[in-house]
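**Q** I am attaching a structure below and will ask some questions about it afterwards.
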Protein chains: 2
Amino acid sequence: MTDANSLIPFFNPKGVVVIGASQDPTKLGYGLANNLHRSGFKGAVHFVNLKGGTLLGKPIYKSVLDVPDPVDLATVLIPAQHVIQILRECGERGIRAAIIGAGGFREIGPEGLELEREMLQVAKENGIRLIGPNCIGLLDTHLPIDTTFLPPPGPTPGDVAFLSHSGAICAAAIDWARGQGYGISRLVSLGNQADVSETDLLKPIAADEHTNVLVLYLEGIKNGRRFIQEAREVVQSKPIIALKVGKFESGRRAAASHTGALTGSESAYNAGFRRAGVLRADTSEEMFDQARALAWCPLPEGNRVAVLTNAGGPGVTAADALEARGLAMTEFSEKTIRGLESILPAAASTQNPVDMLAGAGPDEFAACLRILLADPGTDSVMVIFPTPPMHTAGAVAKAMIPAIHQTEKPVVVSVMGERLIQEAVEHLRAARIPEYRFPERAAAALAALVKRVNLLEYAAAEPVFRDDIDTKKASKIMSGSGDTSHLTALETSQLLKAYGIPAASMRLAETEEDAVALASEIGLPIVLKIASPDISHKTDIGGVLLNLADEKSVRSGYQSILNRARTAMPEANISGVYVQEMVPIGQEVIVGAVHDPQFGPVLMFGSGGTEVEGLKDLSFGLAPLTELEIDHMLSKTWAGQKLRGFRNIPPGDINAVREVLIRLAQLVNDYPQIREIEINPLQVFPDGKGVSAVDVRIRLDSSGHGSQI
Amino acid sequence: MTDANSLIPFFNPKGVVVIGASQDPTKLGYGLANNLHRSGFKGAVHFVNLKGGTLLGKPIYKSVLDVPDPVDLATVLIPAQHVIQILRECGERGIRAAIIGAGGFREIGPEGLELEREMLQVAKENGIRLIGPNCIGLLDTHLPIDTTFLPPPGPTPGDVAFLSHSGAICAAAIDWARGQGYGISRLVSLGNQADVSETDLLKPIAADEHTNVLVLYLEGIKNGRRFIQEAREVVQSKPIIALKVGKFESGRRAAASHTGALTGSESAYNAGFRRAGVLRADTSEEMFDQARALAWCPLPEGNRVAVLTNAGGPGVTAADALEARGLAMTEFSEKTIRGLESILPAAASTQNPVDMLAGAGPDEFAACLRILLADPGTDSVMVIFPTPPMHTAGAVAKAMIPAIHQTEKPVVVSVMGERLIQEAVEHLRAARIPEYRFPERAAAALAALVKRVNLLEYAAAEPVFRDDIDTKKASKIMSGSGDTSHLTALETSQLLKAYGIPAASMRLAETEEDAVALASEIGLPIVLKIASPDISHKTDIGGVLLNLADEKSVRSGYQSILNRARTAMPEANISGVYVQEMVPIGQEVIVGAVHDPQFGPVLMFGSGGTEVEGLKDLSFGLAPLTELEIDHMLSKTWAGQKLRGFRNIPPGDINAVREVLIRLAQLVNDYPQIREIEINPLQVFPDGKGVSAVDVRIRLDSSGHGSQI
């Protein structure tokens, strides 16, 4: 389903037939016909309805089989139960693309889902690509074409493409665009995505020369890995912004480890979007605020912002908003300050934010803006002003436009107010300069530009793989036992070893004598741990004894651990007691991974120990990992920052931690049947001294069985 | 300066004189005269200008001394250097209130500050209250009066009062109000606040019958305690929303403890606003979004929201936005579901969010809204819709209004779009129903209503004091030594004891023999700690030895601690080694307080230990503490949650922790000269077993000296 050529008729059809066209202006079938007619589409337009007749000066054919050439796209607005028959006729007529507007499929329950599957089957048999069902269609303002049934007016032509899982949000987006003064290039309502998905359309939409930015409203992603693959390529030339909703419904899954409980689906989406270089918007308002900035502004070289204003309050508000979003205030050069002083009254502030005072008019705004843009320390500029008391906001805006058009640096404007500033807003919009009513929104838009620069790096980064993995051994362990839902502790330990992940030596003792023998083999002191697939948090039931230094302690420890476990969990299946090397205490971190249904394996890193769920000092990244992603995971957590040393805690062996992350990511990437793996703690020793995995849990596939060491 | 009667002329003057009135329409002095004239003010209006003449059909007097009765408010728009003389003349003329619009005072530097002080002195001598200088004036749309010089049109009359430290934000606010469809009751630009401050005006503004909500734009608060006192009373009847800017500039002060470094001025503002019952807005947009909801809606009984919509996407988006803001989705009763089923098509969703499907029109919206409001599980309703494909948004909005007016529950509406929905917007605004273009903003407005309910409780809560404090002893310690910048360890220990805060016994050993004797007195095992006012983080230099169990260890420990300290910090002033009781390990929390310049003592609570700065698991509350505030501090931190027990960590003695918080708050409240106090760790033993302060730092006044035990 990835042949891009098969999608061409959706965006550049030679002829479109409206199946279900209606003469009744209150019907959607009339709305669609009228929109298509009105849109200025230059290809052929045909109408089909069983009743026949004429519509908008054209004949209504009774069957799609009667429709003359050219026709290569069908838009289908008829009751669900008739769609399959119509698709067969479309196939017969040689039509290879259809937009199914009708609802009554998957969204109404099992019966509808069955119908949708059957429809898809028929479409495949007839070589027809489908958009929908249960969608409002698509439009292209430049071609132009409009196959939606939304009430007019359609959107203004522009450079923002919008793809949406929700038709209602499409309708809202068109109207929001009108209010916020940007135009739309292409808009697609994806509906149930029986066939064509958001991922399929990324490249076709990005290929449109009129599109500068892609905005996605997503309720989920079917295949996260494919999405990343496609998006990574697209974002190299055009930014993608995604609003992903359904946060609170997703990802409440059963989990047997900290990692499983803590790696929600949202963490996977965040990691996935970052890997793909996709900017994730937090709100509907923000997604379009950011779209304007990304569509119209050059990218900044860094995060230092100069603020220009005509009063103190807006300057402080802007500085707050910028710093809250991770941007920095430019420190002006001497030249800049002297330049500002030569223009402004003595009482003005020539430090950042520049307060020109209330008397400033168009000339001062334009001249100071040029000075700020010329400062090599300025990466971008935010101009913020309410209507000046002695000038119009329109005149101020107009005066600044040439300077903004001549610079390579982004400039965003916050014209504070609503009615008095309409002329300013119109000037700025016409000049394709992003403007916002409220300073915080302008700051967020600038922040999106900086983020876009970083995301380009994330998308370009290549995953790291190690080539010294003992793949033969690993593969033997993973498939050897015949029962892949379960690995013995020995196997788990060997698996880590095969991937070059240092772990504490450990063996299973089934008797007290075993324990004594193994302790002497491993070397005293040792640790004893209860061995049971049913006991998840061993310390909770007193199932771990540390630092046993002589035979006597090993013997009594063996018995006491067994007794405690039997008392605490009489039903638990106990295979014995593990005898483990006593690893010294280092910085305790947690490293783990879960298999996300959309994005596959997601790595987790953070502060380890028993309080992981409480401290929530965690970060996530998609496997396989890139070096940049590892930087991110380390820098976002206190555990990662602390590895560089803190007060009397010496620097930990960060490189060894990075190796563990790389190798663990490689392991879970190689073996998708690993559902959860967790090392907690990974003891991190001082720089150069390495790391050691002390407690490891693995859960394979969905059977719930797993292995712990 | 708190005589409320003296402020009456600002809001209800009998006659106003514009000093600096101008005939030149490009001058602010004309703008002010014209606004006052145009405003419909029913009292007398007089103009003064040295040049004389006439203006707007009235004579311009050459001196304020010539102005006839009645006149009790002067608005002064003349250069700064002439203001003092004019104030003297106002005094002579019997005017007791003046608004000083002129700039050129404190905001331009030391010279201006001097002039401002002199002006204030003259005003006091003449019994004149001042608003400003450097402000744009005030207005009241109901009286009406307008003494601003802002370009017309003025704001629509309404119920939102706005007080601002920034004149420019006043101008913006008036224009924002026009765009967002709410009116303003009173607006005051406070300028430099030489005399009248935001705090002075809270009650006078709240007393206005037309004002339903007070919105404050603050760049700081001079006297945080007085603000809280006044605001606490006001919020009992009318909500206050504050946007406090200057976050990133404030509060970078030198600090000798974790508490000092971590309790930024912003934490104090947050704690202060909470204590005062003031809703803190995060952005300029939010402050007015919330104002509309608070001005127009009844308060909800709880946080359960029912969502009504005509499509899936908006429903999911709304649910996300609501849950992200801490609101819950109502679980509908059987009756509600049956009611919805009787109206809606089978494919509709009768669960929350209710998706009526695209065909829903005015009747369905109104009927379903009534059903949702009737559900006892519904505390509030959010209606969200784009323009329905077969109906107008206006008709839908209109149909819902009666149901909204008849309910005691708040209803907010998100009409998604911009142009097609204008009629709906107008209907809703006219009906005083808050409406928002974007769903996330509507959700935030509902959240503000719920927060208002909680804040009422915070504001009503009374601080807790213990009456078993040994005040005599405490007072002797704090004043006894004659050198209040320094307390000995013994004094610190006694001070805690006087306030009933359990601490580990500790004594200072000045020789090895001392150490041995004290160890035996306290009882082995003991802890040794370096005693030096110059060594802040003792463990960092190896200055702490735990668990010394015999005389030999005490002797060698004494010497080794001294050696380490001398090696690490040769300059440090070392008074010996503390011998301390070896306290068992419990849950380690940090409890501390700093003296904030605006709000006085602020308590801190959180996860203790050496990594406090990294983990940042902290919460703050103003001293003296209320029980509600303590609940808040405990529930907001992992340290506090963990006290209820977690996995194999038994519940800690929460009541003992609460006692420490109450008593420490009482201590710092009693002795403002305590700049910083920190107990880290406070060992919290299992429930019923109490707590023990193990390491305590105190810094007094601003000298930097202090004491540690």
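The values are calculated or read from the model by the stated rules, or taken from the named source; none is laboratory data. Small disclaimer: the values here were computed from a predicted structure and weren't measured. All Cβ positions, glycine included, derive from the backbone under ideal geometry; neighbour counts span all protein chains shown. Side chains are part of the model used for accessible areas, which takes the heavy atoms of the whole protein and leaves out ligands, DNA and RNA. Shrake-Rupley method; radii C 1.70, N 1.55, O 1.52, S 1.80 Å.
**Q** Filter the stretch B:149-163 down to the residues that are more than 7 Å from every other protein chain (Cβ to nearest Cβ) and touching a helix residue (DSSP H, G or I) at 6+ places or on another chain (Cβ under 6 Å), then identify the one that is surrounded by the most Cβ atoms within 10 Å (Cβ to Cβ). Walk me through how you get there before you give the answer.
**A** So the first thing to find is which residues in the stretch B:149-163 are more than 7 Å from every other protein chain (Cβ to nearest Cβ), and the list is B:152-163.
With the extra rule that they be touching a helix residue (DSSP H, G or I) at 6+ places or on another chain (Cβ under 6 Å), the set shrinks to B:155, B:159-163.
Numbers: B:Pro155: 24, B:Asp159: 24, B:Val160: 28, B:Ala161: 27, B:Phe162: 30, B:Leu163: 24.
Taking the candidates together, the pick is B:Phe162.
**Q** Go through the stretch A:597-608 and give me each residue that's assigned to a strand (DSSP E or B) and either within 14 Å of chain B (Cβ to nearest Cβ) or surrounded by 24 or more Cβ atoms within 10 Å (Cβ to Cβ) (or both).
**A** Passing the criteria: A:Pro601, A:Val602, A:Leu603, A:Met604, A:Phe605, A:Gly606, A:Ser607.
**Q** Next question. Is there a residue being touching a strand residue (DSSP E or B) at 6+ places or on another chain (Cβ under 7 Å), open to solvent by 20 Å² or more (accessible area, probe 1.4 Å) and touching a residue at least 24 places away in the same chain (Cβ under 8 Å) anywhere in the stretch A:18-28? Full working, then the answer.
**A** Applying the first criterion (touching a strand residue (DSSP E or B) at 6+ places or on another chain (Cβ under 7 Å)) to the stretch A:18-28 yields A:18-21, A:23.
Imposing the further condition that a residue be open to solvent by 20 Å² or more (accessible area, probe 1.4 Å) reduces the set to A:23.
In the following step, the residues that additionally are touching a residue at least 24 places away in the same chain (Cβ under 8 Å) were identified as A:23.
Taking every residue of the stretch A:18-28 in turn, at least one turns out to be touching a strand residue (DSSP E or B) at 6+ places or on another chain (Cβ under 7 Å), open to solvent by 20 Å² or more (accessible area, probe 1.4 Å) and touching a residue at least 24 places away in the same chain (Cβ under 8 Å).
**Q** Need the failing condition index for A:Glu678 against (1) away from chain B (no Cβ under 14 Å); (2) open to solvent by 10 Å² or more (accessible area, probe 1.4 Å); (3) of a type outside the set (A, V, I, L, M); (4) not in a helix (DSSP H, G or I), just the number.
**A** For A:Glu678, the failing item is (2).
**Q** Is it fair to say A:Ile99 is under 18 Å from A:Ser189 (Cα atoms) and touching a Cys at 6+ places or on another chain (Cβ under 8 Å)?
**A** On the way: under 18 Å from A:Ser189 (Cα atoms): yes; touching a Cys at 6+ places or on another chain (Cβ under 8 Å): yes.
Against the criterion (under 18 Å from A:Ser189 (Cα atoms) and touching a Cys at 6+ places or on another chain (Cβ under 8 Å)), A:Ile99 qualifies.
**Q** Separate question: Find the strands (runs of 3 or more DSSP E) located wholly in the stretch A:42-96 whose residues include 3 or more that are under 22 Å from A:Leu120 (Cβ atoms) and open to solvent by less than 40 Å² (accessible area, probe 1.4 Å), and list them.
**A** Details: elements: A:44-48, A:58-61, A:73-76.
It comes to A:73-76.
**Q** Give the number of residues within the stretch A:518-541 that are assigned to a helix (DSSP H, G or I), modelled with pLDDT of 90 or more and over 21 Å from A:Glu491 (Cβ atoms).
**A** From the stretch A:518-541, those assigned to a helix (DSSP H, G or I) are A:518-522, A:538-541; that's our starting set.
Narrowing further to those that are modelled with pLDDT of 90 or more: A:518-522.
Then drop every residue that is not over 21 Å from A:Glu491 (Cβ atoms), which leaves A:519-520.
Looking only at that region, the number is 2.
**Q** Going through the stretch B:296-318 one residue at a time, which ones are open to solvent by less than 10 Å² (accessible area, probe 1.4 Å) and assigned to a helix (DSSP H, G or I)?
**A** B:Gly313, B:Pro314, B:Gly315, B:Thr317, B:Ala318
**Q** Tally up the residues in the stretch B:71-86 that are farther than 23 Å from B:Leu150 by Cβ and polar (S, T, N, Q), please.
**A** 2
**Q** Pull up the stretch A:118-127, narrow it to residues that are open to solvent by 10 Å² or more (accessible area, probe 1.4 Å) and within 17 Å of A:Ser6 (Cβ to Cβ), then point me to the one that is farthest from the other protein chains (Cβ to nearest Cβ).
**A** Initially, the stretch A:118-127 is screened for residues open to solvent by 10 Å² or more (accessible area, probe 1.4 Å), giving A:118, A:120-121, A:124-127.
Retained after the next criterion (residues that are within 17 Å of A:Ser6 (Cβ to Cβ)): A:120-121, A:124-127.
Numbers: A:Leu120: 20, A:Gln121: 23, A:Lys124: 26, A:Glu125: 28, A:Asn126: 27, A:Gly127: 30 Å.
Among those that are open to solvent by 10 Å² or more (accessible area, probe 1.4 Å) and within 17 Å of A:Ser6 (Cβ to Cβ), it is A:Gly127.
**Q** Would you check which residues across the stretch A:609-657 are assigned to a helix (DSSP H, G or I), β-branched (Val, Ile, Thr) and either within 11 Å of chain B (Cβ to nearest Cβ) or under 16 Å from B:Leu615 (Cβ atoms) (or both) and list them? Break it down into steps so the answer makes sense when it comes.
**A** Restricting attention to the stretch A:609-657, the residues satisfying the condition of being assigned to a helix (DSSP H, G or I) are A:612-615, A:627-635, A:638-642, A:654-657.
Subset that is β-branched (Val, Ile, Thr): A:612, A:630, A:654, A:657.
The one that is assigned to a helix (DSSP H, G or I), β-branched (Val, Ile, Thr) and either within 11 Å of chain B (Cβ to nearest Cβ) or under 16 Å from B:Leu615 (Cβ atoms) (or both): A:Val612.
Results for (1) of a type outside the set (D, E, K, R); (2) within 23 Å of the chain's Cα centre (by Cα); (3) surrounded by fewer than 18 Cβ atoms within 10 Å (Cβ to Cβ), shown as yes or no for each residue.
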| position | (1), (2), (3) |
| --- | --- |
| B:Glu629 | no, yes, no |
| B:Leu643 | yes, no, no |
| B:Arg647 | no, no, yes |
| B:Pro650 | yes, no, yes |
| B:Val660 | yes, no, no |
| B:Ala665 | yes, yes, no |
| B:Ala693 | yes, no, no |
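**Q** A further question follows. Please identify the pairs in which a residue from the stretch A:568-589 that is closer than 30 Å to A:Arg658 by Cβ and modelled with pLDDT of 90 or more has its Cβ atom under 7 Å from the Cβ atom of a residue that is outside any strand (DSSP E or B) and β-branched (Val, Ile, Thr), counting only partners at least 6 apart or on another chain.
**A** Listed by first residue and then by second, the contacts come to A:Tyr578/A:Ile709; A:Glu581/A:Ile522; A:Val583/A:Val694; A:Val589/A:Val657.
**Q** Let me ask another. Name the residue that is farthest from the other protein chains (Cβ to nearest Cβ), counting only residues in the stretch B:509-567 that are in contact with a strand residue (DSSP E or B) (Cβ under 6 Å, 6 or more places away or on another chain) and open to solvent by 60 Å² or more (accessible area, probe 1.4 Å).
**A** Among residues in the stretch B:509-567 that are in contact with a strand residue (DSSP E or B) (Cβ under 6 Å, 6 or more places away or on another chain) and open to solvent by 60 Å² or more (accessible area, probe 1.4 Å), the one farthest from the other protein chains (Cβ to nearest Cβ) is B:Glu510.
**Q** Any residue at all in the stretch A:454-468 that is open to solvent by 10 Å² or more (accessible area, probe 1.4 Å), touching a residue at least 60 places away in the same chain (Cβ under 8 Å) and within 14 Å of chain B (Cβ to nearest Cβ)? Quick ask: steps written out before the conclusion?
**A** At the first step, the residues of the stretch A:454-468 found to be open to solvent by 10 Å² or more (accessible area, probe 1.4 Å) are A:454-458, A:460-468.
After this cut, where a residue has to be touching a residue at least 60 places away in the same chain (Cβ under 8 Å) as well, the list is A:455-458, A:460-466.
If we keep only those that are within 14 Å of chain B (Cβ to nearest Cβ) too, we end up with none.
The answer is no; no qualifying residue exists.
**Q** Return the total of residues in the stretch A:177-190 being at pLDDT below 95 and either in a loop (DSSP other than H, G, I, E, B) or not charged (D, E, K, R) (or both). Break it down into steps so the answer makes sense when it comes.
**A** So the first thing to find is which residues in the stretch A:177-190 are at pLDDT below 95, and the list is A:177-182.
Among the residues that remain, those that are also either in a loop (DSSP other than H, G, I, E, B) or not charged (D, E, K, R) (or both) are: A:177, A:179-182.
Within the stretch A:177-190, residues that are at pLDDT below 95 and either in a loop (DSSP other than H, G, I, E, B) or not charged (D, E, K, R) (or both) number 5.
**Q** Still on this structure, I have one more. Scan the stretch A:219-239 for residues that are modelled with pLDDT under 95 and hydrophobic (A, V, I, L, M, F, W, C) and jot them down.
**A** A:Ile221
**Q** Here is a further query. Being in contact with a His (Cβ under 7 Å, 6 or more places away or on another chain) and more than 17 Å from B:Ala268 (Cα to Cα) is the filter here; which residues of the stretch B:623-680 pass it?
**A** Correct list: B:Arg647, B:Asn680.
**Q** Now for a separate question. Just give me the residues in the stretch A:104-117 being open to solvent by less than 30 Å² (accessible area, probe 1.4 Å) and in a helix (DSSP H, G or I), in sequence order.
**A** Answer for the stretch A:104-117, where residues must be open to solvent by less than 30 Å² (accessible area, probe 1.4 Å) and in a helix (DSSP H, G or I): A:Gly112, A:Glu116.
**Q** Still on this model: Could you check the stretch A:389-428 and list, in sequence order, the residues that are surrounded by fewer than 19 Cβ atoms within 10 Å (Cβ to Cβ) and either facing another protein chain (nearest Cβ under 9 Å) or under 26 Å from A:Thr283 (Cβ atoms) (or both)?
**A** A:Met390, A:Thr392, A:Glu418, A:Arg419, A:Gln422, A:Glu426
**Q** Taking the condition under 18 Å from B:Glu510 (Cβ atoms) and in a helix (DSSP H, G or I), does B:Asn563 pass?
**A** Values: under 18 Å from B:Glu510 (Cβ atoms): yes; in a helix (DSSP H, G or I): yes.
So B:Asn563 passes the test.
**Q** Just one of the numbered conditions (1) within 14 Å of chain B (Cβ to nearest Cβ); (2) more than 19 Å from B:Thr317 (Cβ to Cβ); (3) open to solvent by 30 Å² or more (accessible area, probe 1.4 Å) is not true of A:Gly137; which one?
**A** Unmet condition: (3).
**Q** How many residues, within the stretch B:325-350, are facing another protein chain (nearest Cβ under 9 Å) and in contact with a strand residue (DSSP E or B) (Cβ under 8 Å, 6 or more places away or on another chain)? Spell out the reasoning first.
**A** Going through the stretch B:325-350, the residues facing another protein chain (nearest Cβ under 9 Å) turn out to be B:329, B:346-347.
Now restrict to residues that are in contact with a strand residue (DSSP E or B) (Cβ under 8 Å, 6 or more places away or on another chain): B:329.
Matching residues across the stretch B:325-350 total 1.
**Q** Okay, next question. Here is a check on your reading of the model: is B:Leu322 at the interface with chain A (Cβ under 10 Å from one of its Cβ atoms), assigned to a helix (DSSP H, G or I), in contact with a strand residue (DSSP E or B) (Cβ under 8 Å, 6 or more places away or on another chain) and open to solvent by less than 20 Å² (accessible area, probe 1.4 Å)?
**A** Answer is yes for this residue.
**Q** Hey, can you tell me all the residues within the stretch A:354-388 that are more than 11 Å from chain B (Cβ to nearest Cβ), in a loop (DSSP other than H, G, I, E, B) and open to solvent by 30 Å² or more (accessible area, probe 1.4 Å)?
**A** A:Pro376
**Q** Can I ask one more? In the stretch A:436-453, what residues are out of contact with any Pro (no Cβ under 9 Å at 6 or more places or on another chain), within 14 Å of another protein chain (Cβ to nearest Cβ) and touching a residue at least 60 places away in the same chain (Cβ under 8 Å)?
**A** Applying the first criterion (out of contact with any Pro (no Cβ under 9 Å at 6 or more places or on another chain)) to the stretch A:436-453 yields A:436-438, A:440-441, A:443-444, A:447, A:451.
Narrowing the set further to residues that are within 14 Å of another protein chain (Cβ to nearest Cβ) leaves A:436-438, A:440-441, A:443-444, A:447.
Matches in the stretch A:436-453: A:Tyr436, A:Glu440, A:Arg441, A:Ala443, A:Ala444, A:Ala447.
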